[in-house]
1. State, as an integer percentage, the relative contact order of the chain based on alpha-carbon contacts under 8 Å between residues 6 or more apart.
2. Points 7 angstrom from Cα along the Cβ direction at ASN94 and ASP10: gap in nanometres?
3. With unit charges on the beta carbons (Lys and Arg positive, Asp and Glu negative) and the dipole taken about the Cα centre of the chain, which residue among LEU242, THR212, GLY28 sits farthest to the positive side?
4. On a 19 Å Cα-Cα criterion, which of the cross-link pairs LYS33/LYS77; LYS24/LYS267; LYS132/LYS233; LYS259/LYS292 come out too long?
5. Based on the mean of other beta carbon atoms within 10 Å per residue, what is the order of 249-261, 280-292, most packed first?
6. Show that you can apply the helix-only estimate: for the chain, add -39,500 (n - 2.57) for every DSSP H stretch of four or more residues, divide by all residues, and state [θ] at 222 nm to the nearest 500.
7. Give the separation of the Cα centroids, the stretch 103-121 to the stretch 389-407, in Å.
8. Describe numerically, in nm with one decimal, the distance between label points set 7 Å from Cα along Cα→Cβ at THR208 and at LYS308.
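The values are calculated or read from the model by the stated rules, or taken from the named source; none is laboratory data. Bear in mind the structure is a predicted one, so any value in this text is a computation, not a measurement. Quick reminder, even Gly has a Cβ in these numbers, built from the backbone with ideal geometry, and neighbours come from all protein chains shown. Note: accessible area is taken over every heavy atom of the protein model, side chains too, but ligands, DNA and RNA are not part of it. Shrake-Rupley method; radii C 1.70, N 1.55, O 1.52, S 1.80 Å.
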Amino acid sequence: MNIPIEILNDAKSWVYVEAKKVIKRIGGKTPEKGYVLFETGYGPSGLPHIGTFGEVCRTTMVMKAFEQLTEGKIPTKLICFSDDMDGFRKVPENVPNRDDLAKYLNKPLTKVIDPFGCCEGFGQHNNKLLRKFLDDFNFEYEFASSTEYYTSGKFDEALIKLLNNYEKVQNIMLPTLGEERAKTYSPFLPVCPETGKVLQAPVTKVDTTNNTITYRRDDGEEVETKITGGACKLQWKPDWALRWYALDVDYEMCGKDLKPSVDVSEKIVRVLGGKPPENLVYELFLDEQGSKISKSKGNGLSIDDWLKYAPQESLSLFMYQKPKTAKKLYFDVIPKTMDEYLTWVEKYKTQEDKQKVENPAHHIHGGNVPDNSSPISFALLLNLASVANSSDPKVLWAFISKYSPGATPEKSPK
């Protein structure tokens, strides 16, 4: 890609708009840490899903646009951070050995047995699936584990900073909570040295000299524990803020349902003396009837459903289009989006540079758009399959070759 920087600077695509926010944030120069950090988060209590793809795909698009706008002069990094030290709160319905899993409730996900028997723990199993998932799509990223960051001491300095600002963090958090929860809330969740469980326990004392907290167990006994070295983890919103502060995250997007968490975490970051990352809040997906898609309801398409019928590029286009608008995600969207993708790729061949940078194919392929053409559209292929009334690919290819002489599975894979 050799598009002049002047044209890139004038680009109006939301991807370039987001990238320009990051450039403004860093003052156009490399941060002290040596790179610009883009981040996505993953909760390993479940499997990677179509939303996981969407967040990493969109973030990658913004990162690539940033690299184009800065002409590759400022290093970048994408971290996929797994919250695998979260307490195991509920046994999933779709896993084997559920009775054995129930014995590990409230322990960190990385300390829960792997019900599939192939990894050290349940968190490690889902982390492995996440990495395979991202690798299969050829995303460029660095994996990070919450368990490793807490237990290795990477978060210690930030944890001490938060302890020293304990009351200020409480003043941010308590107004957001219900009356009952506010009575016992603490940003610190001690890990019980006897049971290994992540405890929701009231904190009775904070010692900033020795970097400890004292908490009250269910039996009434008070226990003093260090906050460092993995002896404690943080509640969700302070935890997100801690990560932003400790890693100096420059950019992270999230779904609309997490906007209240973003607002609170940003306040905590500022209390710690840090700067919240630039943030894009994207809308959630809807089913065919316009209801919010829920994993528990199973009322949406899975990523496997999509990829069974159309390639990754079409799914990337769906993620690119209007991220701030709620979109219906059901089967009929697949052929429509695939045909739109083919149209954009075809247009890119003859467009001027000003048009290319607004073309979705430019962002799907990071500025290096391949010749992904097809002799017929998905809509025409569906009509053909309906008219031919055959499930034999050879019959369909006979019709296709008449419509487009020379077309074969080898020559026209799309």
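1. Across the chain, relative contact order equals 14 percent.
2. Taking the two extended label points, one gets 4.8 nm.
3. It is GLY28.
4. On the way: LYS33/LYS77 11 Å; LYS24/LYS267 21 Å; LYS132/LYS233 27 Å; LYS259/LYS292 16 Å.
Distance filter (> 19 Å) returns LYS24/LYS267; LYS132/LYS233.
5. Put in order of decreasing packing, that is 249-261, 280-292.
6. -12500 deg cm²/dmol
7. The distance from the Cα centre of the stretch 103-121 to that of the stretch 389-407 comes to 50 Å.
8. With each label point 7 Å from Cα toward Cβ, the separation is 5.8 nm.
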